[in-house]
Amino acid sequence: MASSFTWLDYSEEDKRKMTGVIDQFRERDTRDELGIGSVRDGFADLLFPGTNTIQTRAKYFLFVPWIYLELENKKIPSNQFSLKARQIEIDLIKALMNSEDKEGIFGKYAGKNLKRLPSSVYWQGLGQLGIRRFKGNQSQYFQLVDRFYIKHNRNRARVEEGELPGDGERVERNWHGSLPPVPNDFPKNASLALTANEAEYLKECLIQSAHGSLLAFLVNINTSEIRKFLKDTKSVSFPWEHSRYNSFSEEIKKQLEHARYFSEIIWGVSLMYNLMLAEKANSINENQTDRVKDYGVRLQNWWEIVLKRKSSFIEWANPRQPFWEVVRSSHSRVTPATRRFIDSWIDITIKWLDKENLEKLVKDPDVQHLISERERSLKRGQARLHNPRALELWGGAAGIGRLDYRWGNTAQVIVGDILKGLANN
């Protein structure tokens with residue numbers, strides 16, 4: 001069934017309610033339904049290295065190494081290490097639930113049934129920030145910890161005997177040597193709040209390992225200015241809305257400029273995909289008309305955003321090479337098919353943006369074909385636009401959130417945690 005688009009005459013109250021719905025989805029449901037995640041993650045890695053979307057608080061960058069170091073000090077063997085570490089991570093949940101700040105606690109609801117532990121969520125980031133010195137994954141760490149003990153004991157014995165081990169015999173630390181000390185009562189009285197010393201340590205890790213990134217810049221603020229900054233600054237939905245934007249480096253501004261254009265223009269293809277799903281579902285079950293109307297309103301909302309910056313979007317899109325050069329600098333693996341899909345959507349959007357005609361964009365058969373074939377190439381037999389059974393499982397919203405590149409619920413919170421800790425100096 002060909003897509004159609006109707007200009008809706010909603011009351012001001014209806015428009016206000018629908019705008020509220022759109023705002024609710026702004027930072028949620030950014031699943032990668034159409035395979036643009038490599039570009040999204042590339043920008044996120046440039047701006048906020050060491051992070052991922054399910055990290056919650058900065059303190060976990062210390063909790064995890066503290067747990068592992070304590071077990072190493074007790075010489076817990078390889079065949080018991082994983083279970084012992086899990087138990088402490090579960091005990092940590094109980095301790096944090098007894099603290100005042102419960103926001104962002106891993107396992108708050110799952111408790112002992114928690115499937116993905118903080119150690120696995122933060123493992124890669126700990127390596128990127130230089131806190132974890134062991135080069136392998138968690139399974140390899142568990143397998144090799146006995147060997148680490150043997151080498152450590154052998155070298156310590158040689159040092160005690162007055163011998164210095166040769167370069168090839170030195171034992172590398174598994175964790176950064178300058179970690180803040182493990183609290184005496186850990187994890188019994190753990191807190192998500194950072195002390196000044198802990199915050200300073202994380203700040204230095206970011207400055208050294210993520211130099212030049214927005215994440216490092218945001219925590220590198222004069223101590224005397226932090227309290228005023230925390231008092232005067234409100235949270236924002238996107239990093240390009242930050243109050244310190246004017247003081248960002250030109251490189252960061254360039255990254256954010258391209259990230260913003262991409263976030264805004266690619267939002268349209270996600271909304272269009274869901275409109276097509278709603279129309280397809282409605283052709284099978286006529287009870288889907290409300291969803292068709294809703295996505296019509298959401299597309300209008302998106303169109304108003306890009307239309308306000310029409311000339312800027314057109315200038316950004318032609319030539320497009322600077323955009324792809326920034327993406328390439330992130331070392332993100334963007335397939336040729338993904339690049340063609342993104343370029344095609346941008347080309348179509350710019351064509352109709354230049355003519356200021358959203359209705360023609362929505363009805364454009366090239367749009368229908370582009371999205372339909374992209375979904376088929378990614379999902380094969382499970383493509384919703386081609387498989388009625390898969391369409392039945394559609395929940396009404398698939399990947400409709402605007403890209404914020406891990407900012408709102410992750411990077412902004414981590415930065416805030418560190419700055420609050422630094423304010424304790």
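The values are calculated or read from the model by the stated rules, or taken from the named source; none is laboratory data. Quick caveat, the model's predicted, so the values are computed rather than measured. Please note: Cβ atoms are built from the backbone with ideal geometry, for glycine as well, and neighbour counts cover all protein chains shown. Surface areas here come from the heavy atoms of the whole protein model, side chains and all, with no ligands, DNA or RNA. Shrake-Rupley method; radii C 1.70, N 1.55, O 1.52, S 1.80 Å.
What the table below lists for this structure:
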| quantity | calculated |
| --- | --- |
| Pair list, Cβ under 8 Å, 6 or more apart: the range 124-146 residue over 11 Å from Phe61 (Cα atoms), other residue of a type in the set (Lys, Arg) | Arg133/Arg173 |
| In the range 223-280, residue modelled with the lowest pLDDT [restricted to those that are within 30 Å of Lys363 (Cα to Cα) and among the basic types (Lys, Arg)] | Lys280 |
| Residue check for Met276: farther than 25 Å from Leu46 by Cα, part of a helix (DSSP H, G or I) and open to solvent by less than 10 Å² (accessible area, probe 1.4 Å) | no |
| Exclusive hit being touching a helix residue (DSSP H, G or I) at 6+ places or on another chain (Cβ under 9 Å), in a loop (DSSP other than H, G, I, E, B), surrounded by 14 or more Cβ atoms within 10 Å (Cβ to Cβ) and at pLDDT below 95, set Lys108, Lys15 | Lys108 |
| Failed criterion for Gln368 (all others in (1) assigned to a helix (DSSP H, G or I); (2) under 30 Å from Asn220 (Cα atoms) hold) | (2) |
| Any helices (runs of 4 or more DSSP H) falling wholly within the range 300-362 and containing at least 1 residues that are at pLDDT 95 or above, closer than 19 Å to Tyr273 by Cβ and open to solvent by less than 40 Å² (accessible area, probe 1.4 Å) | 336-354 |
| Filter result (surrounded by fewer than 18 Cβ atoms within 10 Å (Cβ to Cβ) and either in contact with a Pro (Cβ under 7 Å, 6 or more places away or on another chain) or in a helix (DSSP H, G or I) (or both)) within the range 392-407 | Glu392 |
| First in the range 206-225 and over 14 Å from Ser247 (Cβ atoms), second anywhere and open to solvent by 40 Å² or more (accessible area, probe 1.4 Å), Cβ under 7 Å, 6 or more apart | Ile207/Asn220; Ser209/Gln128; Gly212/Glu251; Thr223/Asn425 |
| Top-ranked residue in the range 42-60 [being part of a loop (DSSP other than H, G, I, E, B), open to solvent by 10 Å² or more (accessible area, probe 1.4 Å) and not charged (D, E, K, R); ranked as farthest from Ser263 (Cα to Cα)] | Thr56 |
| Number of the exception - Phe134 against (1) in a helix (DSSP H, G or I); (2) aromatic (Phe, Trp, Tyr); (3) open to solvent by 20 Å² or more (accessible area, probe 1.4 Å) | (1) |
| Any hit, the range 283-294, residues being of a type in the set (A, V, I, L, M), crowded, with 20+ Cβ neighbours inside 10 Å and touching a residue at least 40 places away in the same chain (Cβ under 8 Å) | no |
| Every residue from the range 246-277 that is without any contact (Cβ under 8 Å) to a residue 60 or more places away in the chain and touching a Leu at 6+ places or on another chain (Cβ under 8 Å) | Phe248 |
| Residues located in the range 37-81, provided they are closer than 20 Å to Asp185 by Cα and of a type in the set (S, T, N, Q) | Asn73 |
| Residues located in the range 335-389, provided they are under 18 Å from Tyr261 (Cβ atoms) and of a type in the set (Gly, Ala, Ser) | Ser344 |
| Subset of the range 223-261 (residues that are more than 30 Å from Arg320 (Cα to Cα) and not hydroxyl-bearing (Ser, Thr, Tyr)) | Glu225, Ile226, Arg227, Lys228, Phe229, Leu230, Lys231, Asp232, Lys234 |
| Tally of residues being more than 18 Å from Thr51 (Cα to Cα) and either at pLDDT below 95 or out of contact with any Ser or Thr (no Cβ under 7 Å at 6 or more places or on another chain) (or both) across the range 403-425 | 4 |
| Output for the range 137-166, where each listed residue is assigned to a loop (DSSP other than H, G, I, E, B) and at pLDDT 95 or above | Asn137 |
| Matching residues, the range 106-153, being hydrophobic (A, V, I, L, M, F, W, C) and more than 24 Å from Asn409 (Cβ to Cβ) | Phe134, Phe142, Leu144, Val145, Phe148, Ile150 |
| Residue satisfying all of: in the range 74-114; without any contact (Cβ under 8 Å) to a residue 60 or more places away in the chain and among the β-branched types (Val, Ile, Thr); nearest to Ser139 (Cα to Cα) among these | Ile90 |
| Qualifying residue in the range 369-380 (condition: open to solvent by 40 Å² or more (accessible area, probe 1.4 Å), among the hydroxyl-bearing types (Ser, Thr, Tyr) and over 23 Å from Phe313 (Cα atoms)) | yes |
| First in the range 180-205 and touching a residue at least 12 places away in the same chain (Cβ under 8 Å), second anywhere and assigned to a loop (DSSP other than H, G, I, E, B) and surrounded by 20 or more Cβ atoms within 10 Å (Cβ to Cβ), Cβ under 7 Å, 6 or more apart | Leu192/Arg57; Leu192/Lys59; Leu194/Ala58; Leu194/Lys59; Leu202/Ala58; Cys205/Leu129; Cys205/Ile131 |
| Some residue of the range 61-73 being at pLDDT 80 or above, in a helix (DSSP H, G or I) and surrounded by fewer than 15 Cβ atoms within 10 Å (Cβ to Cβ) | yes |
